Each structure stands twice: as C-alpha cells, then as structure tokens.
1. Give the residues of the range 118-148 that are closer than 19 Å to L163 by Cβ and surrounded by 14 or more Cβ atoms within 10 Å (Cβ to Cβ), sorted by residue number.
2. Taking the range 177-196 as the region of interest, how many residues are of a type in the set (G, A, S) and in contact with a Lys or Arg (Cβ under 8 Å, 6 or more places away or on another chain)?
3. Given (1) surrounded by fewer than 22 Cβ atoms within 10 Å (Cβ to Cβ); (2) in contact with a strand residue (DSSP E or B) (Cβ under 6 Å, 6 or more places away or on another chain); (3) at pLDDT 90 or above, identify the lone condition not met by S221.
4. Let me confirm something: among I61, I54, which residue is at pLDDT 85 or above, outside any loop (DSSP other than H, G, I, E, B) and crowded, with 18+ Cβ neighbours inside 10 Å?
5. Mind listing whichever residues of the range 221-236 are in contact with a helix residue (DSSP H, G or I) (Cβ under 9 Å, 6 or more places away or on another chain), outside any strand (DSSP E or B) and touching a residue at least 40 places away in the same chain (Cβ under 8 Å)?
6. Can you tell me which residues in the range 4-26 are of a type outside the set (A, V, I, L, M, F, W, C) and at pLDDT below 95?
7. Which one is nearest to I28 (Cα to Cα) among residues in the range 98-143 that are outside any loop (DSSP other than H, G, I, E, B) and of a type in the set (S, T, N, Q)?
8. Condition check: without any contact (Cβ under 8 Å) to a residue 24 or more places away in the chain and in a helix (DSSP H, G or I). Does T186 satisfy that?
Amino acid sequence: MKEYATFAGGCFWCMVAPFDQLPGISSIRSGYAKDEQITSEAKQESEYVEAVQIVWDPSHIMFEELLNLYWQQIDPTDSGGQFSDRGPSYRAIIFYHNEKQKEAAFDSKKKLAQSGRFKRPIVTPILPFSSFYEAEEQQQDYYRKNAFHYKLYKEGSGRTDFLTQHWPKDRSYLKKVLTPMQYFVTQENGTEPPFTNLYWNNKKQGIYVDLLTGEALFKTSDQLPSHTGWPIFKRPILYGNIKRVPAQHSTALKSKEGDNYLGLLLTEENSEYYQVNSAALRFIPKEKLKEEGYEDFLILF
C-alpha cells in the first residue's frame, strides 16, 4: 500500500535529499502545492508554495518518522518564508491527506513546541491537501543533478548553519539505509578489510563522492597504487571538503558536510597521503558525471 505526504519547506531543492535516503520511499517529486487558506492579498502574488510530494510505503516507515525529519529541515518559527527565500511561496506548511495524518501532524507540532528547542513560537501551518503539480524536470532531484551548485546554495541561504545549530544529527536512521560495513566505517570510525573492498585497485576514470551527501572528494587521476589494500590518494579534489580530526597517534579524515568518517591521513618523507575506506565512498565513472549532476568536474579529465 502506498501513501502520499506533501511538505512545503522553502526552496524544494533542499527538501528532497533528506527523505531520499529513507527506506520505503517510492518517489519524491518537487513542485507546487496549493494553499487554500492564503489571504486574498497574498493571492495576488501566489496561491502555491514550493513543496515536495512523497510517495511512501507505511509498512516500511511511519508518517511520524517523516514528520520528525521534516521539522529538522526547516525553521518552524518563520512565517514569512524560509531562510534567504522570502515571500508566501516559500512558506513552510504541512499538508495532510487524511485525518490520521492530520492528527499525527498536530501532535508532532505540539511535541516540538513543548520540547523547548526553539525560543520563538512554532508557527508552521497544518492544512488540508488540495492540489499539487510537478515542477519542470530540470528541477527534479536537483541535489543530484547539480550537486556543486546545490551545496553552495544551501550553505549560502543560511539553512545549513541553522539546522546544524538546532538539530545535532540523529544518525540512527542510517542503520536502515546503509550496509553494516558502511555504517561501521562512516558512523563508528571503523576500518574495512584490506584488498577485498571495492575501490582499492580501481582503474576506471571518475570521481569519488561521499556515500551519503554526494560531496566530491577524490578523483582517480590522484589515486595511487596501493600496497596497503585501501584506496590511497595524493590529494582531494577540494581541500575544503575534507576535515582533519586529530586522533591518538594519527589524523582522521571526515567529509565536511556529512561529518562521515573516511579514513586516515598518512605522512611519509614530508608527503601526505589520504587513505580512505571504500565503504565511505561512491564512485561515479567519467561517462556518468553529467548524468549524475557532476558536469562541472569533467574539466578534471
């Protein structure tokens, strides 16, 4: 059985990726949801708000879980838009499709208000769903198709800093979407077995991105022959996408945006090398860079 959930949370570019990682999600489409309760004055600007419509299987994930994740993507105290996007079309709204969703949404909003997480009142409206129409195809899955620009936009809008400040990451849901080895490596600072992992001896041209966030991390032209059994690189694509974290007798490497563990920084004869676990990476072949939204990186080859 499939159900629909419709959430407005400001720019719809930023509302797809968080839900895309969840189990039981059949599709997420960006578009415009009609706000039947918008004032007559505001109707002169727009009757619709940017939103995402999610098709999901309730046997895999509960609507309450979608609500919990929704609150963690928005500023629920802002009634005039979201972050740098202002105006009625960027308001945050929960649209319910049935009475069960309505009850769950109001209960979730009440619990958030009582939590004391925000100093100002929670003002996000909860309204009956009316209609939704999809945006142009170029707007769909924008975080994948235009990963570099998406990251710049999200950070520049103020959304990233706000969410980091108010919502320390709850990583428990990742156990549902990652393999045990991927979770062990990225979330528990683990190390996969050498020589049997995916990319330690990869010869294809392409780039490696963070498994969860899609941050561009390394390119194959910087990958060195490995005698240790793990992928080793001379340098990252962008130094700013890698965090160095001091650890006992070593320096750990983490992705900047995702804060996911990658591996270790090695030093040898005044040179630095990046030893990374394959389980923390996703490889995108050169011929698929444009298709997956990494066209800007073709210049590297």
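1. F118, I122, V123, T124, Y142, Y143, A147
2. Residues in the range 177-196 being of a type in the set (G, A, S) and in contact with a Lys or Arg (Cβ under 8 Å, 6 or more places away or on another chain): 0 in total.
3. (2)
4. Of the residues listed, the single one that is at pLDDT 85 or above, outside any loop (DSSP other than H, G, I, E, B) and crowded, with 18+ Cβ neighbours inside 10 Å is I54.
5. S221, W230, P231, K234
6. Within the range 4-26, P18, D20, Q21, P23, G24, S26 qualify.
7. Of everything passing the filter in the range 98-143, Q139 is nearest to I28 (Cα to Cα).
8. no
The values are calculated or read from the model by the stated rules, or taken from the named source; none is laboratory data. None of the values given here were measured: they were computed from a predicted structure. Positions of Cβ are generated from backbone atoms using ideal geometry, with glycine treated the same way; all protein chains shown enter the neighbour counts.
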